[in-house]
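Novice: Can you read through this structure? Questions will come right after.
The values are calculated or read from the model by the stated rules, or taken from the named source; none is laboratory data. Every value quoted in this text rests on a predicted model; they were computed, and no experiment measured them. Here the Cβ is made from the backbone with ideal geometry for all residues, glycine too, and neighbour counts use every protein chain on show.
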Amino acid sequence: MVGEKITVMRCCLVLEVSRSGYYQWTKRPQSERSKQTHELSKRILHIHQKSRGTYGMPRILETLKQEGQCHGKNRVVKIMKKLKISGVLKKKFKIKTTDSKHNLCFSMSNHMKTDLIKNALFMALGRQGVVPNELITHSDRGVQYASEDYRESLRELKIIPSMSRRGNCYDNAYAESFFSTLKKELIYRNRYKTREEAKAAVFEYIECWYNRRRIHSSLGYLTPVMYEKNHTAA
């Protein structure tokens with residue numbers, strides 16, 4: 001007790017406050033504002049952790065809003081700084097386009113990648129239950145998409161092919177945006193020992209997180225599954 005009093009006394013002298021004032025402060029109940037900030041801090045941290053450490057201020061703010069909590073963005077930013085958390089930073093955009101200088105404008109190709117995209121196409125049609133008649137499929141100018149094998153499959157399904165203009169990545173913006181998000185939120189943040197481990201991680205990211213739980217600003221802060229349900233209902 002003596003040691004404690006000496007410590008308090010010295011601290012009060014250094015801070016130029018009275019000991020009585022210090023003891024009154026220790027007994028003073030926490031203000032309502034402090035309690036709210038404490039609870040909000042816990043909620044913000046929980047949302048950030050549930051987002052796999054990917055959500056920044058806009059998505060955290062929107063998640064709070066969807067939960068019925070309306071807060072100013074400056075307050076959320078201040079708390080996030082105090083908690084030392086942030087969203088996944090975007091890398092500087094660098095335009096990259098597919099090498100379209102190949103001889104397969106519409107000639108034959110039995111490359112494995114052609115089988116890969118054909119399987120992806122069939123899986124997408126089966127999953128979505130889409131009638132392919134007069135459906136349009138868009139891609140970049142990769143050699144596998146220009147192969148006669150792939151194009152023959154499209155003709156059989158009565159699917160209309162669409163390709164990006166040469167050297168223009170913006171024509172395939174949706175796909176480019178998705179792969180950019182996949183890389184910065186998953187691929188660049190992890191190391192995989194095997195190809196199978198990487199495939200499992202990508203599958204889990206897309207099916208469990210990206211489609212069902214991650215809110216997208218371009219979709220009005222809905223998940224793709226929620227957006228699709230609303231669109232179908234409308």
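Novice: Could you go through segment 130-139 and let me know if any residue there is in contact (Cβ under 8 Å) with a residue 60 or more places away in the chain, farther than 20 Å from ARG59 by Cβ, surrounded by 15 or more Cβ atoms within 10 Å (Cβ to Cβ) and outside the structural domain of ILE60 (by TED's automatic domain parsing).
Specialist: Going residue by residue through segment 130-139, those that are in contact (Cβ under 8 Å) with a residue 60 or more places away in the chain are none.
The answer is no, given that none of the residues of segment 130-139 is in contact (Cβ under 8 Å) with a residue 60 or more places away in the chain, farther than 20 Å from ARG59 by Cβ, surrounded by 15 or more Cβ atoms within 10 Å (Cβ to Cβ) and outside the structural domain of ILE60 (by TED's automatic domain parsing).
Novice: Scanning for something surrounded by 14 or more Cβ atoms within 10 Å (Cβ to Cβ) and under 20 Å from SER86 (Cβ atoms), does segment 18-39 turn up at least one residue?
Specialist: Taking segment 18-39 and keeping what is surrounded by 14 or more Cβ atoms within 10 Å (Cβ to Cβ), we get 22, 37.
From the residues that got through so far, the ones that are under 20 Å from SER86 (Cβ atoms) too are 37.
Yes, segment 18-39 contains at least one residue that is surrounded by 14 or more Cβ atoms within 10 Å (Cβ to Cβ) and under 20 Å from SER86 (Cβ atoms).
Novice: Checking VAL130 against (1) more than 28 Å from TYR227 (Cβ to Cβ); (2) assigned to a loop (DSSP other than H, G, I, E, B), which test does it fail?
Specialist: Unmet condition: (1).
Novice: Sticking with this one: Could you pull out the residue among LYS199, LYS193 that is outside any helix (DSSP H, G or I) and out of contact with any Ser or Thr (no Cβ under 8 Å at 6 or more places or on another chain)? Step through it out loud before you land on a result.
Specialist: Values: LYS199 fails: outside any helix (DSSP H, G or I).
It is LYS193.
Novice: Tell me which of these TYR174 doesn't satisfy, since it passes every other one: (1) more than 30 Å from LEU40 (Cα to Cα); (2) surrounded by fewer than 11 Cβ atoms within 10 Å (Cβ to Cβ); (3) at pLDDT 85 or above.
Specialist: All conditions pass for TYR174, except number (3).
Novice: (1) free of Cβ contacts under 8 Å to residues at least 40 places away in the same chain; (2) of a type in the set (A, V, I, L, M, F, W, C); (3) surrounded by 14 or more Cβ atoms within 10 Å (Cβ to Cβ): which one isn't true of ILE79, the others all being true?
Specialist: With respect to (1) free of Cβ contacts under 8 Å to residues at least 40 places away in the same chain; (2) of a type in the set (A, V, I, L, M, F, W, C); (3) surrounded by 14 or more Cβ atoms within 10 Å (Cβ to Cβ), ILE79 is out only on (1).
Novice: Continuing with this model, one more query. Would you confirm whether or not segment 12-33 contains a residue that is in contact with a Phe, Trp or Tyr (Cβ under 7 Å, 6 or more places away or on another chain) and at pLDDT 80 or above?
Specialist: Of the residues in segment 12-33, the ones in contact with a Phe, Trp or Tyr (Cβ under 7 Å, 6 or more places away or on another chain) are 12.
Of the ones still in play, those that are also at pLDDT 80 or above are 12.
Scanning segment 12-33, I find at least one residue that is in contact with a Phe, Trp or Tyr (Cβ under 7 Å, 6 or more places away or on another chain) and at pLDDT 80 or above, so the answer is yes.
Novice: Would you mind finding the one in LYS90, LYS94 that is within 22 Å of the chain's Cα centre (by Cα), surrounded by 10 or more Cβ atoms within 10 Å (Cβ to Cβ), assigned to a loop (DSSP other than H, G, I, E, B) and at pLDDT below 95?
Specialist: The match here is LYS90.
Novice: So, in segment 189-231, of the ones that are among the aromatic types (Phe, Trp, Tyr) and more than 13 Å from the chain's Cα centre (by Cα), which residue ends up surrounded by the most Cβ atoms within 10 Å (Cβ to Cβ)? Break it down into steps so the answer makes sense when it comes.
Specialist: Residues of segment 189-231 among the aromatic types (Phe, Trp, Tyr): 192, 203, 205, 209-210, 221, 227.
Retained after the next criterion (residues that are more than 13 Å from the chain's Cα centre (by Cα)): 192, 203, 227.
Numbers: TYR192: 13, PHE203: 10, TYR227: 16.
Top of the filtered list is TYR227.
Novice: Moving on to the next point. Among the numbered criteria (1) within 30 Å of TYR55 (Cα to Cα); (2) surrounded by 13 or more Cβ atoms within 10 Å (Cβ to Cβ); (3) at pLDDT below 90; (4) among the aromatic types (Phe, Trp, Tyr), which one does TYR150 miss?
Specialist: (1)
Novice: For residues in segment 45-71 being in contact (Cβ under 8 Å) with a residue 40 or more places away in the chain and surrounded by 14 or more Cβ atoms within 10 Å (Cβ to Cβ), which is farthest from GLY220 (Cα to Cα)?
Specialist: LEU45
Novice: Read through the list (1) modelled with pLDDT under 90; (2) of a type outside the set (Val, Ile, Thr); (3) exposed (fewer than 13 other Cβ atoms within 10 Å of the Cβ); (4) touching a Ser or Thr at 6+ places or on another chain (Cβ under 8 Å), then give the number of the only condition that CYS169 fails.
Specialist: Only one criterion is unmet by CYS169, namely (3).
Novice: Does segment 213-234 hold any residues that are of a type outside the set (S, T, N, Q) and more than 23 Å from MET57 (Cβ to Cβ), and which are they? Give the derivation first.
Specialist: Taking segment 213-234 as the starting set, the residues that turn out to be of a type outside the set (S, T, N, Q) are 213-216, 219-222, 224-229, 231, 233-234.
Result: VAL225, GLU228, LYS229, HIS231, ALA233, ALA234.
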